[in-house]
Amino acid sequence: MINVLYVILSFFVIILLTIYLIHDIIDIISYIKNKKLKKSSSSHEDDKSSIYDESFSITKEEMNNVEEWEKKHKKKCKPKYTGAISVSQFKIYFLTTSIGVGAYCRCEYCGKEHAIRDLDE
Ligand SMILES: [Zn+2]
């Protein structure tokens, strides 16, 4: 009886390990695919007319501005556990309107927003 239980238990352990292994392999494959995509998209930077749209990116100056705001905001707004890979509590999003594209940074924890590129200005 103990032998049968031992066989069943080891069977489940083997299945769990296999699932883990498959999951890891899928992760590795997607990582390699993403790397290839990044390589191919970097070649599009030379050809800005086809795919690349400047209005959906932010300048280094704007990024520095955002990082400064994030640093200040983090002192007031402590995030909860964001996972092992520590996903940022901030999201940058673009708002398309008829007069242009605005860029904003939002704290996902408290909902406070900071205009990176406001259309009112
Ligand atoms: Zn916040």
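The values are calculated or read from the model by the stated rules, or taken from the named source; none is laboratory data. Since we're looking at a predicted model, the values are computed, not measured. Using ideal geometry, Cβ is built from the backbone for each residue, glycine included, and neighbour counts are taken over all protein chains shown.
Restricting attention to region 54-73, the residues that are of a type in the set (Lys, Arg) and surrounded by 15 or more Cβ atoms within 10 Å (Cβ to Cβ) add up to 0.
When region 96-118 is limited to residues that are more than 21 Å from LYS60 (Cβ to Cβ) and away from the ligand (no atom under 11 Å from the Cβ), the one that is surrounded by the most Cβ atoms within 10 Å (Cβ to Cβ) turns out to be THR96. Is it the case, given these coordinates, that SER40 is more than 19 Å from the chain's Cα centre (by Cα) and either at pLDDT below 85 or in a helix (DSSP H, G or I) (or both)? When the stated conditions are applied, SER40 passes them.
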